[in-house]
1. So, in the stretch 142-152, how many residues would count as being in contact with a strand residue (DSSP E or B) (Cβ under 9 Å, 6 or more places away or on another chain) and assigned to a helix (DSSP H, G or I)?
2. Would you be able to tell me the number of residues in the stretch 131-154 that are surrounded by 13 or more Cβ atoms within 10 Å (Cβ to Cβ) and touching a residue at least 40 places away in the same chain (Cβ under 8 Å)?
3. Please go through the stretch 101-117 and give me each residue that is assigned to a strand (DSSP E or B) and out of contact with any strand residue (DSSP E or B) (no Cβ under 9 Å at 6 or more places or on another chain), ordered by number.
4. Confirm whether residue 155 is assigned to a helix (DSSP H, G or I) and touching a strand residue (DSSP E or B) at 6+ places or on another chain (Cβ under 8 Å).
5. Of the conditions (1) surrounded by fewer than 20 Cβ atoms within 10 Å (Cβ to Cβ); (2) at pLDDT 95 or above, residue 106 fails just one. Which one is it?
6. Does the stretch 118-141 hold any residues that are touching a strand residue (DSSP E or B) at 6+ places or on another chain (Cβ under 8 Å) and farther than 15 Å from residue 97 by Cα, and which are they?
7. Can you tell me which of 116, 124, 120 is at pLDDT below 95 and either under 29 Å from residue 35 (Cα atoms) or within 15 Å of the chain's Cα centre (by Cα) (or both)?
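The values are calculated or read from the model by the stated rules, or taken from the named source; none is laboratory data. Note that the structure is predicted; figures quoted are calculated from it, not measured. Cβ: placed from backbone, ideal geometry, glycine included. Neighbour counts: every protein chain shown.
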């Protein structure tokens, strides 16, 4: 290697090291999120082995929510349980979710946790909601009356096939 090439390589290594030292690494929020995700993965493993454990974790996530999200999540949980008893309750990113063959089909998202105007009922690619070239996979939930409850039940039933 020529002398100028050696100097350039040495400078590159030094600047990379300096850049790494100036970085503070993960923020407190990022570290907390990683710890929460690791905890959730352990709970998910237990939930995959035991439906009761999954139910317990999902209900604990719902209980930890503030109103009105808690009331909405309770209703969604009851609708999903009644409509598709074959779906296994669990959590997904800290939110109640429902899986078939260990793959999430639908989930509830709290408005408060994500700082949004409304809670959301979402469906993943596992859900069989395909309808032509375009279809919705997430629904805003402001309140749940009889009509909304019936629509959720129909969506969940269609999602599981």
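1. 3
2. 5
3. 103
4. Yes; evaluated as a whole, the condition is true for this residue.
5. (1)
6. 118, 129, 140, 141
7. Only one candidate qualifies: 116.
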